[in-house]
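Handing you a structure now.
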């Protein structure tokens, strides 16, 4: 009896592995590419890539790109683009430097003012895009010039620094170790074991709920493989980092932000509305969604994240230079597109953009270790971007 | 008289629909042949077969042009023989000059270099032939629709036209422009150019046509010779609409209650052409449990009215009042209109109705996300339940609710749009051409849904160009023409003939009024 009753409920969940893999090829493909790229560079650099010191550097170097990619993903999903983020990084860095170095502000009010300034810049640009329907490409191209110019003006063409030590910690600091073991950062390892365990716990809960509602889901084998993989990777990274200085502060900020944005895009009405707006603005509007306000806020959000990235970058260099952030926008946008976002809007995922950013980051880092010149690095990165998007288009055509 | 064109036994099927069924059309050398029929009767499809838009092999039947059998692979082939079609939506590039448009794709060039002097001279000559005195340098965007139409015809002349096909050429023209155009057709006739004229305006047809072929439901009804005996409008209307209504509409005992929704003095202007009123003084009401139909030809302003009402999503300078249950409601934004119980399901489901890249589930909940969310966080399982529920109730045919809507058939897409609005739980649902382009079975199911809605005490406004549908589904019918409501009748007393008469007589009245104004203007000038 119970077997009979269960049968129809089982039906939808029994989607074959092949079918599931095919429809989620992109997601797995991204992850596998990243792992393959890491393995490749680990091999050709004779293990330098995953040395604790280098791994820490890798995180520090890419944190601001990842953080901006979160905002850029929303902008791109909404059907826009933001070319000004690199200049905002430079401008906010300059602003913070002036406040802290020349006016001797404490770093907390400086950070608050900087983030508000970022929001204001995003609002100023979003206003023209959302309410005046000026193409975002043009508005943010203008912003790119304006804020690059303003950072030059603020700094009077000079580098300004150094910063107070507390501010530098934003980028170069590590979380404290509560266990007090010497030579090994136990807190880091504990966090890196707990976090994946909690995440896996959540997904098991979700699986059970989906099972109860008889909703199709990832085949069990894949789920187990993925969970084991996630646990292994995070635990391994945690182990590596604990043998050095532990988790960088900025990694914590980044991880929290990734979690928040993944949640917002997947599980909230706001996230859903942004996808609808990018997928079909007219239909979204006729469904009662305030598309203009939504576009506006994606830019405000982008401005805040770019400001945060600006602070982190300045803290990392311990100086604000007029050149800070030049061409960051290209890395950020490339990360989103490599991560599967569609240039026409409506499609893209936070995890994709993060993986995209790390693919770029690992390649940058690995090629630098190998001593490949910046010239060829750019060529290779360009080709990878093109290949990733070609793969998308090919995939879509086949589906 | 010899035939210039013979189309015999043309049959064209689209997936699930037979658009043309054994249609015959014969056009004589040097005549003006009118082609008429209701929306969806197959006129445009037939002309697309003729001009090669649907290439040889995608249809059955034979086409002979000047006695020779022809097999067009594309428009270029038919144009080479001098068959030129001018579509209702003009194919001109607005920001290019008249000359540039005239020779687009056919530039007056030697070895890739355009000879502008020769082109301009030839353009001036062509413009003279159609009676235009504007400079060939003028940009298309700077001349009116009437003149644009003439430029299209001049373009046809430049291609050595033998058979000119005009698809509702006067639909957007005013009286004097229409007259000029018809006079031009008569002049061409003297020069031996044959024309096929597709038109809804029977008075125009009476003025210029030599013969009339009537299409209905994809078949040829008859061909009438206007010279044998003067043809009355009644005669043509009867030919256009004479079909049975047997059991294509689910039965419903209509039991309208008190007035649920009312619109008073609704006006709206064209969004771009400032001051051009497209919705004029609409007064309308809907009772509880009532289906109210709005009949009218394409371009009558029905969609414009509905969209201007639904949160001002069309037009500007919108004036008027809306009432729900006797209380005035605010419909100034889409959100407010929805919160006040209105919903509008668009006629253009691909562009305005669905997020095609998204799956059924996301589309169904789009207009009422809060219905599956708590404090802004979506409850995914609840959302899937809702989608599955509508899938069952509306019999949406799909593999599961995670299927992208772009892969659904038209009828199923329409059901997703309906699901979206049903989930928003409106008091009054405006359905704009809900059955356009979908098959008979799906139509029946959609009528059933409409019946369920009114049985729950809601009101439905049904905009449709298919008169039988209005007669079969609505309780009461408003007739709209040129932006105004021109008649109102209970469906029981209505007939297709009555509705067509209401449209035609209002059109001729409006035409007469315009003529009077024009005459007065001329007099005052003299």
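Read the figures in this text as sums done on the coordinates, not as results from a lab. For clarity, every value in this text was computed on a predicted model and none was experimentally measured. Don't worry about glycine lacking a Cβ; one is built from the backbone with ideal geometry, like all the others, and counts go over all protein chains shown.
Based on the Cβ-Cβ distance of residue B:251 and residue B:456, what FRET efficiency does E = 1/(1 + (r/R0)^6) give at R0 = 22 Å, to the nearest 0.05?
Using R0 = 22 Å, I get an efficiency of 0.80.
So, in Å, what gap is there between the alpha-carbon centers of the range A:305-334 and the range B:290-304?
For the range A:305-334 versus the range B:290-304, the Cα centre distance is 57 Å.
Per residue, what volume in Å³ does the convex hull of the Cα atoms of the range A:174-247 enclose?
On the way: hull volume 5.7 nm³, N = 74.
Hull volume over Cα atoms, normalised by residue count, gives 78 Å³.
How big is the antiparallel share of DSSP beta bridges in the range B:3-241, given as a percent to the nearest 5?
Of those bridges, close to 60 percent are antiparallel.
Can you show me the helix-derived [θ] at 222 nm for the protein assembly as shown, built from DSSP H runs with n ≥ 4 at -39,500 (n - 2.57) apiece and divided by the number of residues, rounded to the nearest 500.
That calculation yields -17000 deg cm²/dmol at 222 nm.
What share of the DSSP beta bridges in chain B is antiparallel, in percent to the nearest 5?
For chain B, the DSSP antiparallel bridge percentage is about 60.
Next question, about the same structure. Under a crude label model (7 Å from the Cα following the beta-carbon direction), how far is residue B:217 from residue B:259 in nanometres?
Inter-label distance under the simple model: 3.9 nm.
Take every Cα-Cα pair in chain B and report what % of them are more than 42 Å apart.
26 percent
Kirkwood hydrodynamic radius of the range B:416-467 from all distinct Cα pairs, in Å?
After inverting the pairwise mean of 1/r, the radius is 11.4 Å.
Between residue A:225 and residue B:272, how many nm apart are label points set 7 Å from Cα along the C-beta direction?
It is 5.4 nm.
Rounded, prolate or oblate for the range B:159-301? Axes are the square roots of the Cα gyration tensor eigenvalues, ordered a ≥ b ≥ c, and the cut-off for rounded is a/c under 1.5.
Taking the square roots of the gyration eigenvalues as a ≥ b ≥ c, the range B:159-301 is oblate.
Okay, moving on. For residue A:181 and residue A:396, compute 0.36 nm times the residue count separating them, minus their Cα-Cα distance, and round to one decimal in nm.
72.2 nm
Where a ≥ b ≥ c are the square roots of the eigenvalues of the C-alpha gyration tensor, would you call the protein assembly as shown rounded, which needs a/c under 1.5, or, failing that, prolate if a/b is larger than b/c, or oblate?
prolate
At a Förster radius of 30 Å, what calculated FRET efficiency corresponds to the Cβ-Cβ distance of residue A:134 and residue B:281, to the nearest 0.05?
Efficiency, from the Cβ-Cβ distance: 0.25.
Related question: Share of antiparallel DSSP beta bridges in the protein assembly as shown, in percent to the nearest 5?
60 percent
How far is helix B:410-423 tilted, in degrees, relative to the longest principal axis of the Cα atoms in chain B, given as a value from 0 to 90 rounded to the nearest 10?
The angle comes out near 40 degrees.
Can you quote the Å³ per residue value for the convex hull of the Cα atoms in the range B:55-130, rounded to an integer?
Cα-based convex hull of the range B:55-130, divided per residue, equals 155 Å³.
Round to the nearest 10 and give me the degree value, 0 to 90, for the angle of helix B:440-455's Cα axis relative to the longest principal axis of chain B.
The angle comes out at about 40 degrees.
Helix B:496-525 versus the longest principal axis of chain B: what angle, 0 to 90°, nearest 10, using Cα atoms?
Tilt of helix B:496-525: around 60 degrees.
Give me the one-decimal nm value for the distance between modelled label points at residue A:202 and residue B:116, 7 Å along each residue's Cα-to-Cβ direction.
The two pseudo-label positions are separated by 6.4 nm.
Taking the convex hull of the alpha carbon atoms in chain A, what volume per residue do you get, in Å³? Could you put the intermediate results ahead of the total?
On the way: hull volume 65.4 nm³, N = 399.
In chain A, the Cα hull volume divided by residue count equals 164 Å³.
Related question: Compute the FRET efficiency between residue B:125 and residue B:497 as 1/(1 + (r/R0)^6), taking r as their Cβ-Cβ distance and R0 = 45 Å, and round to the nearest 0.05.
E between residue B:125 and residue B:497, to the nearest 0.05, is 0.45.
Same structure again: Rounded, prolate or oblate for the range A:136-286? Axes are the square roots of the Cα gyration tensor eigenvalues, ordered a ≥ b ≥ c, and the cut-off for rounded is a/c under 1.5.
Judged from the Cα gyration tensor, the range A:136-286 comes out oblate (a/c at least 1.5, b/c at or above a/b).
On alpha carbon coordinates alone, what is the Rg over Rh value for the range B:3-241, Rh being the Kirkwood radius?
0.98
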